[in-house]
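Worksheet for the structure shown next.
The values are calculated or read from the model by the stated rules, or taken from the named source; none is laboratory data. Quantities reported herein were computed from a predicted structural model and do not represent experimental measurements. Because the Cβ atoms are built from the backbone with ideal geometry, glycine has one as well, and the counts that use them run over all protein chains shown. These area figures cover heavy atoms from the full protein model, side chains too; ligands, DNA and RNA do not enter into them. Shrake-Rupley method; radii C 1.70, N 1.55, O 1.52, S 1.80 Å.
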Amino acid sequence: MKIYADSATDLPLSYFQQADVELFPLRVHIEGNDYEDIIGIQAKEVYDKIREGHQPKTSQVSPETFLKEFEKLAKNGEQGIYVAFSSALSGTYNTAVMMRDQVVESYPDFQFVIIDSKAASLGYGMLVKKAVELRTQGLTVAELETRLYDIAPHIEHYFTVEDLDYMARGGRVSKTSAFVGGLLNIKPVLHVEEGKLIPIEKIRGRKKVIKRLVELVGQTGFELEKQTVHISHGDDEAAALELRALLEEAYGIQNFEIQMIGSAIGAHVGPGALSVFFYS
């Protein structure tokens with residue numbers, strides 16, 4: 001069984017290679033050039049360009065890419081599963097479903113499931129990791145689909161951004177809100193609910209918002225000391241390490257994974273974004 005995921009997982013390329021997961025890279029457009037995320041451009045380059053004043057844009061996986069891959073799989077009589085970036089944040093899931101259905105018309109026995117992760121960044125990556133773990137247990141495609149849809153709602157996402165102006169450029173918040181927030185040093189706390197970004201609080205100051213993230217983890221996490229808590233950051237490793245230290249001190253968490261937020265999401269949240277993901 002083949003497992004597919006796209007680059008919005010924010011998992012490193014080495015993970016895809018070692019775990020035998022096929023990568024669908026999203027695309028990054030910057031300074032008139034078009035790149036495949038992870039393969040053709042690295043997140044650090046994108047953050048540096050944003051700091052220089054450039055505004056990168058992103059686009060989903062092309063229909064042709066899906067069609068070519070799905071047809072190849074069907075012709076070989078293979079089956080698989082694509083754990084996709086949240087349909088509320090990208091059109092990739094819907095495009096993949098259309099291309100899969102087109103292939104099924106020619107290959108009615110083609111068994112290929114597309115999961116709407118309703119997740120982003122390492123929250124999405126956590127679900128992909130769970131799919132890999134379940135594959136080793138010998139589950140069928142249908143069984144894997146059921147288990148992943150049971151698990152996905154329990155993956156929590158909380159994050160903040162350093163500068164609301166980055167989200168305003170990408171149309172995620174109004175320019176007025178970004179301007180006022182900047183003047184007052186306001187840092188939003190956002191949550192992912194049903195795959196959508198939902199602002200839930202406004203905190204004044206970076207230190208206070210990081211402490212608030214720690215509190216939210218404690219309020220909603222389940223058996224945190226037994227989990228691997230995932231942290232992603234917008235080229236601000238110091239903030240990620242601070243968050244890890246506070247979580248370890250507060251809840252005795254020992255296992256963490258820290259990754260930089262990739263180009264596809266980083267282009268919209270900007271340098272300094274900070275996220276934490278865990279099971280509730």
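Values computed for the structure shown
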read-out: Value of relative contact order over the chain, rounded to a whole percent, pairs C-alpha under 8 Å and six or more apart; value: 22
read-out: Region 1-122: C-alpha pair distances exceeding 25 Å, %; value: 26
read-out: Alpha carbon convex hull of region 1-66, projected area averaged over orientations, nm²; value: 4.9
read-out: Accessible surface, per residue, of region 1-138 when the full set of protein chains is kept, probe 1.4 Å, Å²; value: 44
read-out: Helix-only [θ]222 nm of the chain, DSSP H runs n ≥ 4, -39500 (n - 2.57) each, per residue, nearest 500; value: -13000 deg cm²/dmol
read-out: Between 0 and 90°, nearest 10: helix 141-151 axis offset from the chain longest Cα axis; value: 20
read-out: Rg/Rg_globular for region 48-173, with Rg_globular taken as 2.2 N^0.38 Å and Rg from C-alpha atoms; value: 1.25
read-out: Relative counts (whole %) of C-alpha pair distances in the chain, using bins that are 10 Å wide; value: 7, 29, 35, 21, 7, 1
read-out: Sparsely packed chymotrypsin sites (Phe, Trp or Tyr not before Pro) within region 178-280, loop by DSSP, other Cβ within 10 Å at most 12; value: Phe222
read-out: Value of relative contact order over region 1-140, rounded to a whole percent, pairs C-alpha under 8 Å and six or more apart; value: 29
read-out: Accessible surface of the chain, 1.4 Å probe, proportion on carbon and sulfur as whole %; value: 48
read-out: Sparsely packed GluC sites (Glu not before Pro) within region 40-111, loop by DSSP, other Cβ within 10 Å at most 16; value: Glu52, Glu78
read-out: Amide hydrogen neighbours beyond the local backbone of Glu193, cut-off 5 Å, H modeled; value: Ile198
